[in-house]
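The numbers here are math on the coordinates, done by the rules we state, and not lab data. Quick caveat, the model's predicted, so the values are computed rather than measured. Here the Cβ positions follow ideal geometry from the backbone for every residue, glycine too, while neighbour counts run over all protein chains shown.
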Amino acid sequence: MMEEIDTVGIFELAEVSDDLKRIAGKVIRGERVTVEEGIVLFTEGDLGCLGKLADMVRLRKNGDRAYFIRNFHIEPTNICVNKCKFCSYSHHFSKTKWELSVEEIIDKVKEPENAVPELHITGAVHPDRDLYYYGDLLVKIKAVRHDLHIKAYSAVEIDYMIKKAGLSNVEGLKYLKSCGLDSIPGGGAEIFDETIRKEICGMKSTSAAWLDVHETAHQLGIPSNATMLYGHKENYSQRIDHLERLRQVQDRTGGFNAFIPLKFRNTNNEMSALPEVSVTEDMKMYAVARIYLDNFPHLKAYWPAVGRQLARVSLTFGVDDLDGTINDTTRIYSLAGAEDQNPVMTASQMRDLIREAKRVPAERDSLYNVIG
Ligand code: V47
Ligand code: SF4
């Protein structure tokens with residue numbers, strides 16, 4: 001086996017410990033990496049070695065394709081019952097307050113430039129809006145665009161509205177599905193480790209609640225994504241713990257489409273004193289996620305958060321999906337210090353970016369069917 005490992009050149013770049021060699025052998029043979037081994041990948045893994053392993057996994061799962069989608073975002077409000085310390089977006093920190101009316105949202109849906117396959121809706125947890133308001137919104141959107149895939153409401157928003165309605169997750173999610181909910185975005189996961197979660201976002205839904213919303217959704221045939229906010233106070237073992245909890249749900253349901261690591265950005269929030277992690281750390285995060293989450297079909301780099309050039313580089317560290325054309329309505333990252341203040345890329349710019357990384361651009365729908 002060592003001969004095979006050497007032939008793929010994994011270890012040409014660095015002095016590698018025996019432990020790492022053994023773990024690399026497992027990855028090459030397509031075997032699952034344990035929690036302890038995941039931590040070793042982070043602590044001892046040389047970037048070149050991790051990149052090659054992650055690229056191998058990516059190639060096995062997705063070939064040379066790199067996916068993107070034509071989509072747009074609507075953020076209904078930034079008025080929030082929670083006060084997450086990393087958040088630059090809610091009314092607590094951003095010094096602006098907005099709440100779109102249903103009519104304003106419908107007008108956005110009708111805009112000719114938004115005649116695209118997917119709408120991503122997420123925002124703050126508004127104290128006065130409830131399950132029936134958000135259900136009705138889905139019905140009204142579908143009435144004007146029945147073909148639109150609506151990926152809506154983070155598990156934190158859903159947890160709040162379902163609890164407020166006094167329903168179980170099964171009942172609440174069945175209701176949202178009947179109104180037109182097609183899938184659930186990955187937001188609100190932050191970091192599952194309870195100690196750090198309490199420190200940085202103690203008011204929001206617990207990790208168990210987040211996971212239960214997703215697991216229940218999967219059981220009801222609603223697919224979803226998962227995220228992790230990294231590069232703040234968490235350590236490597238807490239990152240692996242997060243990935244492990246997701247991997248376990250995915251083993252039971254298979255309902256996650258993509259994992260999206262979200263790098264902590266430090267502008268205009270209560271955690272601004274923390275420095276942002278390096279690009280090396282970002283690429284390590286993508287690579288270890290690709291290796292560890294062996295049951296997740298896709299790894300996404302959300303380009304408005306990391307910038308276009310880093311998103312392109314991430315394609316060689318396990319990433320196979322660059323999210324979408326977006327349009328400039330998302331403010332979550334422009335407020336938190338991302339380079340792109342008006343995130344919008346045309347489909348042809350996305351194709352060019354992907355080709356620069358020597359990948360084959362594949363325009364997809366929300367369920368990863370290739371449509372262009
Ligand atoms: O949960 C907020 C993050 C998330 C900051 O499912 C921050 O396809 C970094 O989940 N620095 C919302 N991150 C966005 C999200 C998402 C984005 C794109 C695609 C999908 C998908 C989901 O944004 C929040 C939080 O983790 N966030 N503030 C910050 N200062
Ligand atoms: Fe509210 Fe979301 Fe910001 Fe937390 S991250 S304060 S839940 S908008």
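Things to note:
- Where only C-alpha atoms are counted, convex hull volume of region 206-251 per residue in Å³: 69
- Mean separation of Cα pairs under 8 Å and 6 or more residues apart, divided by the residue count, gives the chain a relative contact order of 22 percent.
- Over all pairs of different C-alpha atoms, region 141-236 has a mean inverse distance whose reciprocal, the Kirkwood radius, equals 14.1 Å.
- Cys residues of the chain that find no other Cys beta carbon under 4.7 Å: Cys49, Cys80, Cys179.
- Amide H contacts of Gly187 (H built 1.01 Å from N, under 5 Å, at least 5 apart or other chain): Ala155
- GNM result for the chain, Cα springs below 10 Å: residue of Pro185, Pro112, Pro261 fluctuating most strongly: Pro112
- Most mobile of Ile74, Ile23, Ile291 in a GNM of the chain (Cα contacts under 10 Å): Ile23
- The fraction of Cα-Cα pairs per 10 angstrom bin, counted from 0 for the chain, comes to 5, 25, 35, 25, 8, 2, 0 percent, rounded to whole percents.
- With Cα atoms, 0 to 90° folded angle of helix 207-219 axis to the chain main axis: 80
- Annotation: the residues Thr206, Thr227, sorted from fewest to most other C-beta atoms within 10 Å of their own C-beta, follow the order Thr206, Thr227.
- Residue exposure sequence - Glu270, Glu31 - by fewest surrounding Cβ within 10 Å: Glu31, Glu270
- For region 30-38, 3J(HN,Hα) per residue [Karplus equation, 6.51 cos²θ - 1.76 cosθ + 1.60, θ = phi - 60°, Hz, x = Gly/Pro]: x, 8, 6, 8, 7, 4, 4, 5, x
- With Cα atoms, 0 to 90° folded angle of helix 169-179 axis to the chain main axis: 70
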